[in-house]
Every structure is written in structure tokens, then in C-alpha cells.
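Each remark here refers to the structure printed beneath this line.
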Amino acid sequence: MNLPLLSIYSFYGEHGAAWIGTWLPLTILAVIIVFLFYNAVLLLARAFGMKEIEREAKSEMFQAAATALIAIFLIVLVDGVMTFAGNLIYGELSCGGGPMTIDSLDNAIEAIRICRIQEKAAQIADVQKTLTTGSETWGLFTLLNLDISVIGLTIFKGGWLSNVYQDAESRRIINNLATTLLVSLNAQSFLLLYIKANMLNIFLPLGLLLRSFKFTRGVGALFMSVAIGLYFIFPVVFVLLDPGFVAMPLPESPPPTPQQYCYPTMSFATTIFSTMQTSGAATGMSALSMANLASDLSKTYVSLIIHPLVSLFITLVFIRYIASVLGGDTYELVKMVTKVI
């Protein structure tokens, strides 16, 4: 007789097989290691009549049992959060090659990396290439470095022409900012790949193992909270804050009235760089107003940096409180992140 309520697959949901093959063995291994270690300590304490150490060993064995219970219910929670997050961010994210459908956290992380990181990096790289290798740029800097002298007396310098000097400096500023943005975007792309590959496979099980031991309990709780925050909270917040995200209704819900939205935030950055790329490829850089471009580039710089930072700050708030619940201390982590930023 089958009892669905007592079935382990029913208990763990649709990801039950994956949990049985990965999470449960790691949890059981952590609990067994702790029980064996503190059981030996308990035997030695009883043999030598050390009551305080005996009580400490019993306490740690109960802590190991509590860790096992936390792990079991955490797995169920993870399964539920995956389903909830998938429904919450179910929709489409605007992308260069067409809208990308998001129906899970893995798809969300991949969409962020491809549509919001790599796409912008490719556009900025093309702009930088056009800016630094174009024939007009070569002619401009040749004129800027021109120095004509007669009998040792300088009679003309290219830098004396204000429009030439201003145009050259504007190109230098754009090139420097483009380099900074490329470094930042490439770092963000790598971090997203790292989060997707390691948070649930390494940080969460390692945190469970470390939390079983007394002296590493705080570190284990921190590992678990970081894994939960970066894998579950960060992509959801990033997608929901993205102006190019369009949520799609559930199949059973009636379709909403189509509306046209206009976002002057992240889409503004893509528009500027697309304009730079198109104009640069067609007419060099002569069709662009360098004064306006220098002004708009600062806005683009802010829009590309602020969005990930806001998502990270919200994630850190969740990490802080999750770690406190699990028994960890995030003061040093928050202090370090604050100094870096």
C-alpha cells in the first residue's frame, strides 16, 4: 500500500531524487562525524570523571541532531523557494537576440549574465574598438601631437586648437570609462557563473558540515546564509528591478491588457552605446557630439553600476538576518563589504 504522505519523494517534492542523491548523504555524513567525535569525547569524560566536558559533549551531540533537522527542513524549504521564485520571476527579459524566457533561478542567472552583462560588455568593447582604431581618431591625435618650429622657435602646436584638444580629451575620457566598465562587467559575469556553480553545490553543504562543529558553527551559518542569499535572493531582486523584465501571467490567469512602457534607466545605457556603435561604424566619430556624449556617459556609468549594487545591498540585508537565525555573525562580512564599496 502506497502512502504518498509518507513517501520521501512526496516529502521532498519534484526534486526528491536529487536531494536523496546529494544533500542527504552530506547531511548524514556531517551528523555521523560529529556524533562519533563527541561520543569519543563523552566516553573519555566519563572515564576520567570530567563532568563539565561530559555536559559539553552531550550539548554538542544535541546540536548535531538539531543541525540534521535544520538540514532536512532546509531542503524542503529550498525546494519550495525554487518553485516560488520561479513563479515570481516567470516572464521575459529583453535581450539583443530577442526576449529570453525566465522560468527558474538557473535561467534567471543565465539571463542576467547574457542579456545584462555580456551584451553590454560586447557593445562597449565595439565602441572602444571604434574609438581607438578609427582613422579619424588617428588623424585627430596626429594633429594634436603636431609641433612646427622654425629656427628652434615653436610657431604652431596642435594642442593650441581648442576644438582639437577638447575632442581628443573627450575621446580619452570615454576610453577610460569604457575600460572601467568592461572590467566591472567581466567581473560581474564571472561572479554570476561562480554563484550558479558553487552556492548550492559547495557553500550550502559545506556550511551544514561546518555548523555541526562548535568552533566552526558561526562560519557554517555564514556559508549557508551566503548560499541562500546569493542564489535565491540576488537573482530575484535583480530581475524584478530590471526595467526590461516583463512578467508573464500564469496560464490559468486572463492575459493583461498590452501596455507600452518606457524606462529611462538601464535601457538608456544600451541606447547610448548602440548609437555610439552605429554612428562610429558609419561615419567614424564625426556624427557624434563629443560634449553631449561625455555628459551622457556619466549617466550610463551610474546606470550600469547602481543596479547591481542595489541588488547586492538588498541581498546583504537578507544574508545578515538569515545568518543571525542560523547562529552566525555577519558583522565582519558587512564591515568588509562596506569598506570595499
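Taken together, the values in this text are just the output of simple stated rules run on the coordinates, not laboratory data. The shown structure was predicted, so the numbers you read here are calculated from the model rather than taken from an experiment. A quick note on method: Cβ atoms are made from the backbone with ideal geometry, for glycine too, and the neighbour counts reach across all protein chains shown.
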Set of aspartates and glutamates with alpha-carbon distance to Lys196 below 13 Å, sequence-local pairs under 8 removed:
Asp106, Glu110
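Can you figure out the FRET efficiency of Asn201 with Glu136, using R₀ = 41 Å and their beta-carbon distance, to the nearest 0.05?
Values: r = 50 Å, r/R0 = 1.23.
Here the calculated transfer efficiency is 0.25.
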Can you compute the modelled spin-label distance between Phe190 and Phe84, with each label point 7 Å from Cα toward Cβ, in nm?
3.4 nm
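Take each of the peptides 76-84, 145-153, 132-140, 317-325, average the number of other beta-carbon atoms within 10 Å over its residues, and list them starting from the highest. Show your work: numbers first, answer last.
Working: 76-84: 15.7, 145-153: 8.9, 132-140: 13.7, 317-325: 17.2.
For the peptides 76-84, 145-153, 132-140, 317-325, the packing ranking is 317-325, 76-84, 132-140, 145-153.
Want the number for Leu29 to Phe215: 0.36 nm per residue separation, take away the alpha-carbon distance, what's left? Before the final figure, lay out each step's value.
Working: separation 186, 0.36 × 186 = 66.96 nm, distance 1.81 nm.
The span from Leu29 to Phe215 would gain 65.2 nm if fully extended.
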Under the Karplus relation 6.51 cos²θ - 1.76 cosθ + 1.60, θ = phi - 60°, what is the ordered set of whole-Hz ³J(HN,Hα) values for the range 236-241, x standing for Gly and Pro?
5, 5, 4, 5, 5, 7
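Would you please give the FRET efficiency between Ala66 and Leu182, computed as 1/(1 + (r/R0)^6) with r the Cβ-Cβ distance and R0 = 45 Å, to the nearest 0.05? Walk me through the numbers on the way to the answer.
Working: r = 47 Å, r/R0 = 1.05.
It comes out at approximately 0.40.
All other residues with a Cβ under 9 Å from the Cβ of Gln188 taken together, and with Lys, Arg as +1 and Asp, Glu as -1, what is their net charge?
On the way: positive: Arg113, Arg116; negative: none.
Around Gln188, the charge tally is +2.
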Diffing the range 81-97: the Karplus 3J(HN,Hα) column from phi (6.51, -1.76, 1.60, θ = phi - 60°), in whole Hz with x for Gly and Pro, holds 5, 4, 5, 5, 5, x, 6, 5, 9, 5, x, 10, 10, 4, 9, x, x
Built amide H within the under 5 Å cut-off of Ile102, gap 5+:
Gly91, Glu92, Leu93
